[in-house]
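Reviewing the structure listed below.
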Amino acid sequence: MITIKTFDQATELEHPRRVLKYVLIFCTSGSTTVSIDENEFILKENSVITITSGQIHYFKNINHATGFILEFTYDFFCKDDNDIELIFHNGLFCHFAMNEMIQVDNGKIIIKELEEIKKELIETPYQYLISIHSRIELILIEINRTKINRGDEIYKPDAVFLHFLETVLKNFEKNLSVNEIADLIGTTETKLNELSKLHTNKTAQMVIFGLIISEAKRLFTYEKLSVKEVAYALGFNDPFYFSNFFKKHTNIAPKLYKEKVLNS
């Protein structure tokens, strides 16, 4: 549901891993390199990076820095639409590989809240989970204030659109259609297309295709699966059809992509 560790406690982050949780990494001193999917970020003192559920990530040279790693599930944090919109506000925890290192304006506030979360989890006082939820809200608000102060455009996603993204991520193997997803989350295909156009300038189907390609790359790069295994994991009954699909959207055949990754 929710965990918090210091950098020195997070030995599992020395190797690539993925968790179905939202991960917030805050550096309190020194610097370290964080690898997320196909990208690398240098995390420095009073900087933070957010990692969405399912992204592959790990530390490089973690011994050169100190800080906190906060992890929580979607179900723990997202109690209502306001929570859902806050967690993705201004691109935080975004599903479209929009990770970024953010140098916060007031690191002391975030450190204080992270330390309090750690204390609450150890002592488990009355209504501690409610308290922790509120403290995560304060941390995300502080990060958003930094982004606004530096001149970023305000991006406020719609909760229905975020339900759509989460449903895609949790059901790759079912190869659900836009209409099937709409039924699952209590909306319409038309509404999902409207929201997808608004947030990404793409149709809902193209958004799904983009998420499938990102997942395929993770499976090739870190799970070392074959083309056939990746095809079946993503709901394709025909590996040949999957190969054509992957090449169409990446301009490279999956077999060649896999070889390129293994030789890099």
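The values are calculated or read from the model by the stated rules, or taken from the named source; none is laboratory data. Just so it is clear, the structure is predicted and the values come from calculations on it, not from any experiment. Reconstructed Cβ throughout: ideal geometry from the backbone, glycine too, with neighbour counts over all protein chains shown. These accessible areas exclude ligands, DNA and RNA; they are computed on the full protein's heavy atoms, side chains included. Shrake-Rupley method; radii C 1.70, N 1.55, O 1.52, S 1.80 Å.
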Looking only at residues in segment 52-73 that are within 11 Å of the chain's Cα centre (by Cα) and open to solvent by less than 10 Å² (accessible area, probe 1.4 Å), which one is farthest from residue 211 (Cα to Cα)?
57
Would you mind stating whether residue 83 is open to solvent by 70 Å² or more (accessible area, probe 1.4 Å) and acidic (Asp, Glu)?
no
Return the residues of segment 7-49 that are of a type in the set (S, T, N, Q), within 27 Å of residue 166 (Cα to Cα) and open to solvent by 10 Å² or more (accessible area, probe 1.4 Å); say none if nothing qualifies.
39
Top-ranked residue in segment 98-114 [being among the charged types (D, E, K, R) and touching a residue at least 12 places away in the same chain (Cβ under 8 Å); ranked as least open to solvent (accessible area, probe 1.4 Å)]
113
Of all residues in segment 1-33, which are in a strand (DSSP E or B) and within 14 Å of the chain's Cα centre (by Cα)?
17, 22, 23, 24, 25
So the helices (runs of 4 or more DSSP H) completely within segment 150-264 holding 1 or more residues that are more than 24 Å from the chain's Cα centre (by Cα) and polar (S, T, N, Q) are 178-184, 189-200, 239-250, 254-263
